[in-house]
Amino acid sequence: WDNADFSRGVGTTFYQEFSTLNTAKPPFVRDVEAKVRRYLRSSYSAAWTLKITWEKAPVYGAWTDTRKTITYQAVLTTDGFRSYILMLYQDGGMQWDYTRLTSTNVLIGYT
């Protein structure tokens, strides 16, 4: 694990909320529902979903090299009873030079 550093004006973070309790569901929410159903082999219908994107996030200590970035998303979703999170990483998007990080046993994900 390591920290992103947006203090140099490189990269951005943004979010989008989808409240879908009594409304038509956009394609993104339908895709999230399909992933939850497929991974957990259960029925699922989202009432609320939040997508947070960290785009081109430089590693902490960005003064060393702001060209090596990572783009990833956290998607939080709930049906009002059960809640899930999807961690999505851009394919080939980990550009941080892990040999220059304070810790060299780098992990992507969460526990």
The number of residues in segment 59-102 that are more than 16 Å from D5 (Cα to Cα) and either of a type in the set (S, T, Y) or modelled with pLDDT under 70 (or both) is 7
Filtering segment 1-48 for residues that are in contact with a helix residue (DSSP H, G or I) (Cβ under 9 Å, 6 or more places away or on another chain) and either loosely packed, with under 11 Cβ neighbours inside 10 Å or not in a strand (DSSP E or B) (or both) leaves a count of 8
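The values are calculated or read from the model by the stated rules, or taken from the named source; none is laboratory data. Bear in mind that the values here come from a model prediction, so they are computed numbers and not experimental data. Note that each Cβ is placed from the backbone with ideal geometry, even for glycine, and that neighbours are counted across all protein chains shown.
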